[in-house]
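First comes the structure, then the notes that go with it.
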Amino acid sequence: MAFNFLYFALLFTFHLQFSLAGQTNLMESVPDLQNSMYKVVDGYPCVRLVNSSGEIGCSNPGREKVVAPIIRFKDANTLSRSSTILLSFDEVESFFARIADDSTFARNVGGVLVESGAEFQDKLRGFSPAHKFPQAEFAPYKSTNYEWNPIGSGIMWRRYNFPVFLLSKNSAVTIQEVALENEKKKRSYTTVVAEFDLVMQTMKAGTHDSKSCLTEETCLPLGGYSVWSSLLPINTSSLDQAKPIILAVASMDAASFFRDKSLGADSPISGLISLLAAVDALSRLDGLDDLNKQLVFLVLTGESWGYLGSRRFLLELDLQSDAVSGLDNSLFEMVYFLAVADADAEVVEVGSVGKGFNQGVTNFYAHTTGVSSATKKLWDALKHAEDSLKSENVTISSANASNPGIPPSSLMTFVKKNSLTSGVVLEDFDTVFSNKFYDSHLDDISNINSSSIAAAASLLVRSLYVLASDTKNLSTSALAAVNVNVSLVEELMGCLLSCEPGLSCELVKNYIAPSSTCPSHYVGVVLDEPSSTPPLEYVSDVSRFVWNFLADRTSVLKGQNTSSACSQDCSSEGGVCIRAETDGKGVCVVSTTRYVPAYSTRLQFHSGTWIVLPPNSSDLMGLVDPVWTESNWNAIGLRVYIVQSAAYDCLVLLGGIAVTALAYLAIVITRATIAKILKQD
């Protein structure tokens, strides 16, 4: 018996030496040893967001890391212990449905890993974690049960007490292999586990609403900086009567279940690209001084989270703050909103439904605020622009009269603020969203088409030119000279919607020094006191690029030799400094381009802390303001490694004790034997 036990111990020691022998030459330091033991997994986390009434999103359930073995959802009929669930993308909705219905199953979910699903994008019927009527509480009409987004599941608006990560393409392959190995080695003494570090400060501190977490400084407000610019610059010192204003608006922030994978290619970045291309086209025209109306372009951020940008912009207008210096609220004549460009743009596909295209014709829909002389002017301008684009098969249709009103858009906040506001939303759909990946990480560059965006930009720029000219005698031939640069549209798509080239593209680097290459259009958080002239490190890459691009294209000194390096204060001459990040000097140009802080209208920054203001009964939108904040965290990480079963650890411990005892016994026997021999000698 003792001999058998000794044989097992020696065999175990040999096995341990053999398993390490192959790595002896590779490990030269402790980090090398750690890298061989732990594999860091690339992924995009779902994080914890907090509002005035509760929480949404994901977090570790306590203050510690979560460690759980990895199994596939299809193999997890019942869970007897805490487990990491690996989901293929077509299982996501059924998994979260089970979480809602099966509390026993939900209690044993330690964490979730989601395969991206990008390779199956064309085969999916759609995936939208948003509500069926996104942000219905801000609608200026009562039919809030209408389903603009029929496939919306609403899963991103719920609270989950377990971590969830979207895997990168390479990491997904690794985790799939791990799950398969775990399935094969069910009776083995080792298993591969995932370790989640997604500990949220709001969870640790027990601050589960915006007011308490801001007071305890465990969260920060969602927000950023919107940008507006006028063409031509506004001379605030002039005594001439100001021109009526036509406001063209697009949004630059997107939402997603996974924080850093918020691209929003169709909704809303296609509209942003169209607007920038339209501004570029207008900037190349002569005779802009002769326009009868002032064109103002507004690019908002924070719209996915309670319309932070548009509501703050309207408040700044009421306060006549420095951020909107030069704008007079009473001069706003009409508002023009953009959300355009579906995926199958120029593809001839008979029977395509909800894509905005039919037999090769690019068709858009105009959703107006009602019937008035101003909205008739908007419609007439759109039809005039359409007539000039007949050779390009671009058409505009009026949205279905059975719709309850305008679709979810920033225009809702303008109408909610003033019911007499005249406006139109240019969309690629009529009665329901054509974007089947609304508020999803799958709303990426493959979901849109450059020809479609260029067509929308052409329709926009020509209709704006008609409106600003304010004349009925504008010929089709005159409009034909207003052309969009298609190459610019394609370049903007590559810069704003992909990692190659991403924000390292020449167009972006010509204006700013981006902090990252891969773009993400998540709104972010406000890091310090909001200002109309914020420190650049507190402004996102995309906001800084948009500011520089608009300031350049709308400047009166563009392309002239009279522009100069920013050696002195540009603002003293009504100018701004563009390209300051690229060479440290910049160029001083005359342009009315401003940053506008975007954060909840119920928040106030005072003496270094954020204060939640009580709701004002006269402010209808303030009454439903969620006051969104994001939880702080120390670190976010995900890694996998092998662990041994507890039974095997006990066996190793007993083996070690036995070896020690046998060694001691051998020493005692040997000493006794040697002593006996010495006595005989």
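For region 210-310, the gyration tensor built on C-alpha atoms gives an oblate shape. Its axis ratio a/c (a ≥ b ≥ c) is at least 1.5, and a/b is not larger than b/c. Applying both filters, DSSP loop and at most 16 other Cβ atoms within 10 Å, to the trypsin sites (Lys or Arg not before Pro) of region 583-681 gives LYS585. Electrostatic tally near PRO408: other residues with Cβ closer than 12 Å to its Cβ, Lys and Arg +1, Asp and Glu -1, net -4.
Each Cα pair under 8 Å and six or more residues apart adds its sequence gap; the mean of these over the residue count of region 102-169 is a relative contact order of 47 percent.
The relative contact order of region 486-556, computed from alpha carbon pairs under 8 Å that lie at least 6 residues apart in sequence, is 25 percent. When only Cα pairs below 8 angstrom with a gap of at least 6 residues are kept, region 393-477 shows a relative contact order of 25 percent. The trypsin sites (Lys or Arg not before Pro) of region 452-552 that DSSP puts in a loop, and whose beta carbon has at most 16 other beta carbons within 10 Å, are LYS472. Prolate is the label for region 567-681. Its Cα gyration tensor axes, ordered a ≥ b ≥ c, give a/c of at least 1.5 and a/b above b/c.
A short reminder: the numbers here are calculations on the coordinates, not readings from a lab. Quick caveat, the model's predicted, so the values are computed rather than measured. Ideal geometry is used to build each Cβ from the backbone, glycine not excepted, and the neighbour counts take in all protein chains shown.
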